[in-house]
Amino acid sequence: MIRSMTGYGRFEGTIDGRNVVFEIKSVNHRFMELQCRTPRGCGFVEETVKSVVSRYVTRGKADVFVGIDADENVAANVSINHSLAAGYVNALRELQERYGLKDDISVSSVARYTDIFTVRKAPENEEQLCAIVEKAGEQALAQFVAMREREGEKLRDDILGRCDAIISIVGEIEQRSPEIVEEYRTRLFARLSEILGDTTIEPQRILTEAAIFADKTAVDEETVRLRSHIDQLRGMLCASEPVGRKLDFIVQEMNREANTIGSKVSDAGLAHKVVAIKSEIEKIREQIQNIE
């Protein structure tokens with residue numbers, strides 16, 4: 001199924017006793033680019049994040065935020081830097097004696113100097129934490145992919161509608177092109193008759209000139225190739241794998257054929273139709289930039 005490169009997904013809940021947040025959002029990008037923010041000391045989960053995201057995303061710029069609450073069951077050891085604490089106490093007493101201040105030195109007042117404490121926690125169980133992040137990521141990415149697919153369906157419908165419009169205009173060009181050749185032959189005969197008067201005009205010469213004109217202005221090959229490209233594009237829009245880059249190439253080929261048709265037509269009406277085709281192709285190209 002066609003997917004947009006724009007998406008958002010979020011999971012917030014409790015997994016295996018840990019509160020966890022996994023948020024992902026993405027925008028268009030030529031390649032796959034992932035930026036990940038994790039809690040301090042939990043950088044090791046980045047590989048897990050990359051692994052789970054890569055299962056669902058092949059193209060786009062994705063930003064991931066992972067939040068994990070501290071494990072309250074993990075024992076912590078708090079040690080005191082007694083040398084530093086003694087320095088603070090001595091300094092406070094010196095201030096009290098020198099300036100005649102009230103002696104209110106207490107444990108709570110010294111505890112304000114947090115640099116005298118060192119907190120050491122048991123290391124996280126990395127394997128367990130990565131498993132939690134993976135579970136959260138799977139749920140967030142389910143939302144993320146669903147949103148991408150909904151957007152992709154809208155893009156596909158819009159592109160298919162524009163393909164139908166192009167095919168309709170191509171049909172009009174194919175119908176009108178032979179008429180232009182016949183009109184040219186008629187104008188050429190009338191012009192020569194006006195110039196030469198009663199002089200006999202060789203029909204074969206008129207046919208030869210008309211044939212040369214028809215050859216220069218023939219767009220049959222281009223319209224056939226344009227139809228073929230559109231058939232390929234329609235097929236790709238039904239593919240199950242990412243096809244954004246392939247679609248981009250096909251659209252370039254469609255534009256090339258439209259330019260060639262535009263260079264060959266000599267009728268103002270057909271020129272306007274070619275402009276309409278190129279306009280639809282450009283709109284398709286813009287939409288394809290959003291497809292994974």
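The values are calculated or read from the model by the stated rules, or taken from the named source; none is laboratory data. Predicted model only: the values in this text are computed from it and were never measured. Please note: Cβ atoms are built from the backbone with ideal geometry, for glycine as well, and neighbour counts cover all protein chains shown.
Suppose the filter is surrounded by 10 or more Cβ atoms within 10 Å (Cβ to Cβ) and either assigned by TED's automatic domain parsing to the domain that holds Q35 or in a loop (DSSP other than H, G, I, E, B) (or both); does G87 pass it?
Considered against the rule, which asks whether it is surrounded by 10 or more Cβ atoms within 10 Å (Cβ to Cβ) and either assigned by TED's automatic domain parsing to the domain that holds Q35 or in a loop (DSSP other than H, G, I, E, B) (or both), G87 comes out as no.
Can you find even one residue in the range 36-51 that is in contact with a Pro (Cβ under 8 Å, 6 or more places away or on another chain), at pLDDT 90 or above, in a loop (DSSP other than H, G, I, E, B) and surrounded by 15 or more Cβ atoms within 10 Å (Cβ to Cβ)?
no
Which residue, of L196, L160, is modelled with pLDDT of 95 or more and aliphatic (A, V, I, L, M)?
Criteria check complete, one pass: L160.
Only one of these conditions is not met by V57: (1) within 23 Å of A239 (Cα to Cα); (2) in a strand (DSSP E or B). Which number is it?
(2)
Being among the small types (G, A, S) and surrounded by fewer than 15 Cβ atoms within 10 Å (Cβ to Cβ) is the filter here; which residues of the range 132-164 pass it?
Answer for the range 132-164, where residues must be among the small types (G, A, S) and surrounded by fewer than 15 Cβ atoms within 10 Å (Cβ to Cβ): A142, A146, G161.
Limited to the range 1-20, what total is found for residues that are under 18 Å from F144 (Cα atoms) and buried (at least 16 other Cβ atoms within 10 Å of the Cβ)?
Residues in the range 1-20 being under 18 Å from F144 (Cα atoms) and buried (at least 16 other Cβ atoms within 10 Å of the Cβ): 9 in total.
Looking only at the range 267-282, decide whether some residue is farther than 19 Å from G171 by Cβ and modelled with pLDDT of 90 or more.
Yes: one or more hits.
Here is a check on your reading of the model: is S26 in contact with a Ser or Thr (Cβ under 8 Å, 6 or more places away or on another chain), surrounded by 11 or more Cβ atoms within 10 Å (Cβ to Cβ) and either assigned to a loop (DSSP other than H, G, I, E, B) or not charged (D, E, K, R) (or both)?
In short, yes.
For the structure I just gave you, tell me whether R55 is over 30 Å from S26 (Cα atoms), basic (K, R) and surrounded by 11 or more Cβ atoms within 10 Å (Cβ to Cβ).
For R55, the condition - over 30 Å from S26 (Cα atoms), basic (K, R) and surrounded by 11 or more Cβ atoms within 10 Å (Cβ to Cβ) - is not met.
Without any contact (Cβ under 8 Å) to a residue 24 or more places away in the chain and part of a helix (DSSP H, G or I): is that true of R234 in this structure?
Answer is no for this residue.
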